[in-house]
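Here's the structure, in structure tokens; my notes come after.
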Amino acid sequence: MADDDIVLEGIDIHKSFQTGAGTLDVLTGINLGIKKGEIVCVVGASGVGKSTLLHILGALDRPTRGKVKLDSTDVFALSDKKLAHFRNKTVGFVFQFHHLLPEFSALENVMLPRLIAGGDVVSIRKKAEELLAEVGLSGRIQHQPGELSGGEQQRVAVARAFINEPLIVIADEPSGNLDKATGEELHNLIVELNRKKGQTFVIATHNQLLAELGHRIIEITEGKAVPYIVRK
């Protein structure tokens, strides 16, 4: 893997938490590089640190020790204000629970990250409409989350993740709250967006079928990252 292919790099990532019983070491020296256009799936037992790693890679949480470089930027060297701006522009997020704002329409939810970043409202609306059409929701753009099915809500979350044309999309158990058929539809959508847009994904999942759709699988075990499948 050539260095100039790597869009996201984790370097010696450690994360510890203080508990009533003392220090809990969750990540103990993670090193990984994600190439542009890859789908990399992170697997491991519950509580092993998959979500913790994704939150650090997406710059939502700071490591106890180590670095994350996104597009060669040392993200944790930025001030909190600059980091928030950089993260909004360069990282899209899809979580197990969609975190849509219930009082806003699907269209407004998708527009929101781009509005925060700044820009022309008319062009942002047009882009959001295009993304919702791309995920199969062109007829549902004015519906609020409570009027959508679970699968539709997650598709809105996927469209929202793409609104700022991020370098990388971080997805934490994106189908974990969906039934089998709806989850498979979401998995196929992720693969299709990767194929059409060359979008880079890092996905934490318990779902073996989703993991096997990725280009690489990384297992978190005993605080370390172990790559064990490479798709040709």
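Only the coordinates and a few stated rules stand behind these numbers; no lab work does. Just so it is clear, the structure is predicted and the values come from calculations on it, not from any experiment. Neighbour counts run over all protein chains shown; Cβ positions are idealised from the backbone, glycine included.
Observations on the model:
- Residues considered: THR221, THR90, THR19. Largest GNM mean-square fluctuation over the chain, using C-alpha springs under 10 Å, is found at THR19.
- Residues whose placed amide H lies under 5 Å from that of PHE104, excluding near-sequence neighbours: none
- Taking amide H as placed 1.01 Å from N in the peptide plane, ALA225 has its amide H under 5 Å from the amide H of ASN31, each at least 5 places away in sequence or on another chain.
- Reachable lysines, given that their alpha-carbon falls under 16 Å from the alpha-carbon of LYS197 and they are not under 8 places away in the same chain: LYS35, LYS36, LYS127
- Cross-link reach is defined here as a Cα-Cα straight distance under 16 Å, omitting same-chain residues fewer than 8 places apart; for LYS180 the aspartates and glutamates meeting it are GLU152, GLU212.
- Per-residue ³J(HN,Hα) for region 39-54, Karplus 6.51 cos²θ - 1.76 cosθ + 1.60, θ = phi - 60°, Hz, x for Gly and Pro: 10, 10, 9, 9, 10, x, 5, 4, x, 7, x, 4, 5, 4, 5, 5
- Exposure proxy ranking for ILE220, ILE170, based on other Cβ atoms within 10 angstrom of each Cβ and starting from the fewest, stands as ILE220, ILE170.
- For the chain, built as a Gaussian network whose Cα springs stay under 10 Å, the top-fluctuating residue of GLY118, GLY37, GLY66: GLY118
- Residues of type aspartates and glutamates that LYS69 reaches as a straight line, Cα spacing below 19 Å, ignoring anything fewer than 8 places off in the same chain: ASP3, ASP4, ASP5, GLU9, ASP12, GLU38, ASP61, ASP80, GLU165
- Here's how it looks for SER16: its modeled amide H is under 5 Å from those of VAL26, THR64, which are all 5 or more places away or on a different chain.
- Per residue, the average separation of C-alpha pairs within less than 8 Å and at least 6 apart gives region 80-162 a relative contact order of 44 percent.
- Adding -39500 (n - 2.57) for every DSSP H run of four residues or longer, then dividing by how many residues the chain holds, sets the calculated 222 nm ellipticity at -11000 deg cm²/dmol.
- Shown here for region 92-138: GluC sites (Glu not before Pro) in loop regions (DSSP other than H, G, I, E, B) with at most 11 other Cβ atoms within 10 Å, namely GLU103.
- Top positive-direction residue, dipole computed over the chain with Cβ charges, set LEU210, ALA181, THR200: THR200
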